[in-house]
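First up is the structure itself, then whatever we jot down about it.
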Amino acid sequence: MPTKMLEKETPKEVVKGDFESLLGKLTEETKKTAKFKSLKDLRLKAALKELEENVAFANALLVMAGCLFLLITFPFYPLWFIPFIIVLVGFIAYYHAPAGTMASTVIAFPAVAYQSPLFAWFFTLVISVTLIASFTYWHVICVLFITVLSPFNSLGFFVPSFLTFAALYLGSKRGAIITLITVFLILTISVMWGINENSVINSAFIVYNPAKLSDLYGHQESEFKALAKHVLAPDITQLGDDFVQAFGNLYKWDSVQYVNTSINAIMNALIIIFISDSALIQVICWIVAAFLTGSIAGVLNSKYRSSIATASSLLIPIGYWLSCAISRQPFNPMVFPSVFLGIALVFFLEYNGLDISREVAVTKMEKAGKFRKFGIQDLGISPGVESLEDVGNYEETKKELVEAIIWPLTKKELSTAYGLKPPKGILLFGPPGTGKTMIMRALSREMKIGFYYVKCSDLLSEWYGESEKNVSELFRIARSMAPCVLFFDEIDSIGRSRSKYSSDDVAPRLMALFLSELDGVKSTKNVIIVGATNVPEELDKALLRPGRFDKIIYMPLPDKEGRKLIFKLHTKNFPLNDDVNFDKLAEKTDRYSGADIQNICMEAARKVAKIASETNEVIPVSMQQFISVMETVKPSVSISDLQDYEKFKLDFERRTAPQKERNKAEKTRWEDVIGLDDVRQLLIEAIEMPLLHEDILKEYKVTPIKGILLFGPPGCGKTMIVKAASNELNVAFIHISGADLTKAGYMGAVNIIKESFNRARERAPALIFIDEIDAIAPSRDHYSSPENEKLVAQLLDEMDGVSELKQVMFVAATNKPERIDPALLRPGRLDKIILVPPPLFENRKNIFQLNLSEIPLDKDFNLETLAAKTEGFTGADIASVCQEAKMELVRKRIGGRKTTLSMETMDRILSKRRPSVTLQHLQVYIKFLEEYGERK
């Protein structure tokens, strides 16, 4: 790790490049300044967090609870042995929850058979359902074990809370189904076992009138007594004999003879309590309460949405009061605290930031199941960022996506008032690691519709016609589930330009089908297509037109503020030392993507964790650790790649809220250009007049200026004033370098010229600026080659085309105007030819003043003297002199001396400099003016 990157001086005994030694010293330094904790203090917290995130453990707990209720409802196994059974079932469920559920029912069967052999025959139906359905609905089965059996263990007080949590966690539909089955089975078991009690034997506020069943109990007393269970568990000393007896009793005639008649008896009892009693009212009230609890929680956006939704459970005491009145049973006021307990528990969890409502997630999972063939998942329920606030940077992009997608789908009043519709398609492009997928995952969390992640490579098949079939089926399913969003990651894998493939390749056929499906989406209700790519230039141009992708949004690398925010997001759970400076980290990570920054944070934490494991202490991550990692982790995006993205952005980006301009303060403005007032006025007239006064120009039949040649010595401000014009007049600036065109070769240069002029036409008003034009358009009489002649011809054709366009200007600059092809210089192509001379006395004075405006100067400092001494100096020469003077002040300041800039310092610097512009240079320009004149 190079020592120059460290904030503190590295001790001398550390050998440069010896990472292990430096890391040891770093540990010692950190120990002196940091407050330590023992890792032992965090082990319990880590264990609890691991349990919280361990889905398998939560599944095992649910299966264990279901098994426990089975075993205590049907006493058989010794109490001391039950924990061992529960642990065994939990161990099985931890690795395979369905198997644990099956094991629970099988283990409970001997207990059921011991208590009631006849009831055990009905329990075999439960075992059969469990064996068949547990692979998909094991959790539902376990919940039913708890909710159905708790009223028969004096725990009926908690049934409303159980069912409330079930409706919230499993969704409104499953919650309603579980509630229906629970209430129905509680009533069924109550009438089956009620003959022994002659009263309501469940404690779940679910009642019936036993008097209405007295006649039935009298006529079929044998059946109901055979269904009733015993109370006491067998003696431990006789457990083996009773185990064998339990299975033997199943096949005794005393049990078997009542199987058919008991079914008839149970059906008659249920018909009586549902038709002549209050059972139907209770079932309806409980089901409606569960369904409303789940569904309302899925609709509301409040932080306490689940608490508000659980108010629907107040229907339970209402139904209970009506049922007690109808069945002439005493009303138990404990139903109110029972219901309020569930509401209070939900509120407590939400108050502490735990939302148990999964209505939206369950609905999305059910819909995503239709895409199971393609392995497609709903981003809204996949792990990752929770909201758009968790995505650092890209505020304008996030805002635009919310307004384009969420508002038309959720704010119906706006859609009605303004006819808002979501765009048909959105394309996100940019370097890898900038958060394209992350921002869509965050957006999906904000929406309650299906948001399906399609990995395009998964749609491709090696079998003929299968890929096309997959694409057609994918869109068919999406249309059936509208409104929804299809997010195609790596869309370039199916959307590459068809010109890159042979006619018999699958890609062109697949691309044609994909385009037709995109067009078909237009007539479909709210199916939004979102694509993401790192190689936008590879996409077929037909895919990029409006109507397919209405918005094309560039996601660039984060700027300094964005990088600072990303560092904060990725280190919010880190123990950080006080010396960590996020501003400096952001400055040092220019050109790093969000993924690069995340990697830096993880590597820094990993290095410190290694030290912490050896010292058994929590060591904060310091600034030095971040810097040491940055020494080895380089940006993943090259400068040439960024240029390609910027070029694509200029050609194709379509958005209503462009990304905020970066480094706005660094842009060249009019005030940065000293002198050249005539050039500035000319540019203003050429660009603004056709925009603001087109009618007056037509009245006087004035043709707007289309081409300008700026010539003069290097460093006099030709490029600067053109950049200032593009910024001040807010026009698209397209810069072409003659040297770059020469390097590109003939075909490459032709393509660059064509693309540049086409881009200007699309982005008008636009300014095309070719620097060093003599390199690509030299005089064909003296300096040209056959390739150059063709290139000049191409450039002339494009310039002639510009004359027919509005709001497009061509500006060329050169230091050697005598070398330019004469055909380029005629009016109609270059209407204006302007000399940009070296600055005169007053302008030189102003340039010195501009460059030294924030520098402390001596009292005798004289700008006029400097201007007089710099005759022949260009603006660039003077800027260079000022830069060297300021560097001297910096050196003195580092050395502990704060001083002002003196004339002596300036004279010493000027004595070593020579003017860039000589008399010979000026004579060349004078000769050129004599031949062509200056056209202003």
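Every number in this text was worked out from the coordinates using simple rules, so none of it is lab data. Given the structure is predicted, the values throughout are model-derived calculations rather than measurements. Here Cβ is always computed from backbone atoms with ideal geometry, including for glycine, and neighbour counts include all displayed protein chains.
Given contacts defined as C-alpha pairs under 8 Å and at least six residues apart, what's the relative contact order of the chain, whole-number percent? Let's see the in-between values first.
Values: 1402 pairs, mean separation 77.0, N = 936.
Reported as a whole number, the value is 8 percent.
Find how much the distance from F574 to A823 grows on full extension, using 0.36 nm per residue of separation minus their present alpha carbon separation; answer in nm with one decimal. Walk me through the intermediate numbers first.
On the way: separation 249, 0.36 × 249 = 89.64 nm, distance 6.70 nm.
The F574-A823 span can extend by a further 82.9 nm.
Please work out how much length the chain gains when fully extended from E685 to R591, using 0.36 nm per residue of separation minus the C-alpha to C-alpha distance, in nm with one decimal.
On the way: separation 94, 0.36 × 94 = 33.84 nm, distance 3.84 nm.
That works out to 30.0 nm of additional length.
Can you run phi through the Karplus equation (6.51, -1.76, 1.60; θ = phi - 60°) for the stretch 59-64 and list ³J(HN,Hα) in whole Hz, with x for Gly and Pro?
Once rounded to whole Hz, the list reads 4, 5, 4, 5, 5, 4.
Work from the charge dipole of the chain (Cβ charges, +1 for Lys and Arg, -1 for Asp and Glu, about the Cα centre) and give the residue of Y464, Y320, L741 farthest towards its positive end.
Of the candidates, Y320 comes out farthest on the positive side.
As I understand it, the dipole of the chain uses +1 on the Cβ of Lys and Arg and -1 on the Cβ of Asp and Glu, about the Cα centre. Which of I552, P333, P856 lies farthest toward its positive end?
Selected residue: P333.
How far is it, in nm, from the label point at R654 to the one at A512 when both lie 7 Å from their Cα along the line to the Cβ?
Simple spin-label model gives 2.4 nm for this pair.
Could you sort 178-184, 743-749 so that the peptide with the highest average Cβ count within 10 Å comes first and the rest follow in order?
Numbers: 178-184: 22.0, 743-749: 14.1.
Ranking, from highest mean packing down: 178-184, 743-749.
To test your reading of the geometry: what angle, between 0 and 90 degrees and rounded to tens, separates the Cα axis of helix 738-762 from the longest principal axis of the chain?
Roughly 70 degrees between the two axes.
222 nm [θ] for the chain, helices only, -39500 (n - 2.57) per DSSP H run of 4+, per residue, to 500?
-18000 deg cm²/dmol
Take peptides 162-173, 552-563, 358-369, 330-341 and line them up by average Cβ neighbours within 10 Å, highest first, as a rough protection proxy.
Details: 162-173: 24.2, 552-563: 21.4, 358-369: 19.0, 330-341: 15.2.
So the peptides 162-173, 552-563, 358-369, 330-341, ranked by packing, come out 162-173, 552-563, 358-369, 330-341.
Using the Cα centre of the stretch 287-411 as the reference point, and only Cβ charges (+1 on K/R, -1 on D/E), how large is the resulting charge dipole? Debye, rounded to the nearest 20.
Numbers: 12 positive and 12 negative charges, 134 e Å.
The dipole magnitude comes to about 640 debye.
So if we plug the beta-carbon distance of E614 and K584 into 1/(1 + (r/R0)^6) with R0 = 35 Å, what FRET efficiency do we get, rounded to 0.05? Mind showing how you got there, number by number?
Working: r = 28 Å, r/R0 = 0.81.
Once rounded, the FRET efficiency stands at 0.80.
Provide the net charge surrounding K303, with neighbours chosen by a C-beta distance below 10 Å and charges set as Lys +1, Arg +1, Asp -1, Glu -1.
Numbers: positive: R305; negative: E350, D355.
Result for the neighbourhood of K303: -1.
What is the magnitude of the charge dipole of the chain about its Cα centre, with +1 placed on the Cβ of each Lys and Arg, -1 on the Cβ of each Asp and Glu, and no other charges, expressed in debye to the nearest 20? Don't skip to the answer; put the middle values down first.
Working: 109 positive and 109 negative charges, 147 e Å.
Result for the chain is approximately 700 debye, rounded to the nearest 20.
Quick one: Karplus J couplings for the stretch 362-377, per residue in order, coefficients 6.51, -1.76, 1.60, θ = phi - 60°, nearest Hz, x for Gly and Pro?
Once θ is set to phi - 60°, the couplings for the stretch 362-377 become 5, 4, 5, 5, 5, 5, 5, x, 5, 9, 4, 4, 9, x, 7, 10 Hz.
Using 1/(1 + (r/R0)^6) with R0 = 35 angstrom and r between the beta carbons of L314 and V55, what's the FRET efficiency to the nearest 0.05?
On the way: r = 33 Å, r/R0 = 0.94.
Rounded to the nearest 0.05, the efficiency is 0.60.
Give the relative contact order (percent, whole number) for the stretch 670-835; include only Cα pairs under 8 Å separated by 6+ residues. Numbers along the way, then the final one.
Values: 246 pairs, mean separation 55.0, N = 166.
33 percent.
From a point 7 Å beyond the Cα of E762 in the direction of its Cβ, which residues of the stretch 718-741 have a backbone N at a distance under 18 Å?
Once the point is set 7 Å along Cα→Cβ of E762, 731-736 turn out to lie under 18 Å by backbone N, inside the stretch 718-741.
Can you compute the FRET efficiency between T632 and D559 using 1/(1 + (r/R0)^6), with r the Cβ-Cβ distance and R0 = 35 Å? Round to the nearest 0.05. If you can, show how the numbers build up before the last one.
Working: r = 24 Å, r/R0 = 0.68.
The formula returns an efficiency of 0.90 here.
Picking from F69, V402, V256, whose Cα lies most toward the positive end of the charge dipole for the chain (charges on Cβ: Lys, Arg +1; Asp, Glu -1)?
Toward the positive end, the furthest listed residue is F69.
Roughly how many nanometres apart are two label points built 7 Å out from the Cα toward the Cβ at Q920 and I127?
10.8 nm
What size of dipole, in debye to the nearest 20, comes out for the stretch 561-631 about its Cα centre when the only charges are +1 on Lys and Arg C-beta atoms and -1 on Asp and Glu C-beta atoms?
On the way: 10 positive and 11 negative charges, 41 e Å.
Computed charge dipole of the stretch 561-631: roughly 200 debye.
What percent do you get for the relative contact order of the stretch 89-231 when only Cα pairs under 8 Å and 6+ apart count?
Details: 143 pairs, mean separation 34.3, N = 143.
Relative CO of the stretch 89-231 lands at 24 percent.
Which distance in nm do the two modelled labels at T900 and W253 give, with both placed 7 Å along the Cα-to-Cβ direction?
12.6 nm
Please give the contour-minus-distance gain from D907 to V288: 0.36 nm per residue of separation, less the Cα-Cα distance, rounded to one decimal in nm.
213.6 nm
How do E614, E789 rank when sorted from fewest to most other Cβ atoms within 10 Å of their own Cβ?
Numbers: E614 10, E789 14.
Least to most surrounded, the residues fall as E614, E789.
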